[in-house]
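Here is the structure we will look at, set down as C-alpha cells.
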Amino acid sequence: MATKLTIYNLNTHNLYAIFAKFLDICKDFTNYLVNGKGNLPRRDAVPRFSDLEIIPLSLTAESLGINFENYLFSKLEENRSHISNLISRRQFNDCRKLTGVLCNQIRENIATFRPVRFTIV
C-alpha cells in the first residue's frame, strides 16, 4: 500500500490553495527583506510576478512532487483565473536564480522561528 502525501490527506490538492498558503507563510518571514510590492531592491523593471511569489510557486511544485516545469505550467494554466499575472517558464527560471538568496533567508528565518509560549496563570 502506497502512502499518500500529507497534502492529499488534507484534501488541499488545489494548486492555487497550496500556493496561497506558502505565499502567506513567506510574507510572514520577509517583512524587511522585500519592498512593498514583494520584490528585492534592484534597478531593473518591476516584474509582473513578484520575487516573493516566485518562492512559494517553487515550494508548491516541490511539495506536490512536480519535477517538470512543463507539467507545472500546464497545471498553472488550469488555475489561470486565480493567478492572472503568471509569467513564462523562461522568466520563472530567471527569477528563481535571482531569488535564491531570498529563498535561503526565508528558510533560515523559518528555521530560527521560536513560537511564543503562553503560560496560564
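The values are calculated or read from the model by the stated rules, or taken from the named source; none is laboratory data. In this text, all values refer to a predicted model and were calculated from it rather than measured experimentally. Cβ placement follows ideal geometry from the backbone for every residue including glycine, while neighbour counts extend to all protein chains displayed.
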Self-check item: Evaluation of Ile54 against (1) within 23 Å of Glu78 (Cβ to Cβ); (2) more than 11 Å from the chain's Cα centre (by Cα); (3) of a type outside the set (S, T, N, Q) (one fails), failing number
Solution: (2)
Exercise. Sort out which residues of segment 1-56 are assigned to a loop (DSSP other than H, G, I, E, B), modelled with pLDDT of 85 or more and β-branched (Val, Ile, Thr), and write them in order of number.
Key: Val34
Quiz prompt | Residues that are of a type in the set (A, V, I, L, M, F, W, C) and surrounded by 12 or more Cβ atoms within 10 Å (Cβ to Cβ), drawn from segment 64-98 | solution = Leu64, Ile66, Leu72, Phe73, Leu76, Ile83, Leu86, Ile87, Phe92, Cys95, Leu98
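Would you confirm, using the coordinates I've provided, whether Arg80 is basic (Lys, Arg), over 26 Å from Thr112 (Cβ atoms) and at pLDDT 85 or above?
Numbers: basic (Lys, Arg): yes; over 26 Å from Thr112 (Cβ atoms): yes; at pLDDT 85 or above: no.
So Arg80 does not fit the description; no.
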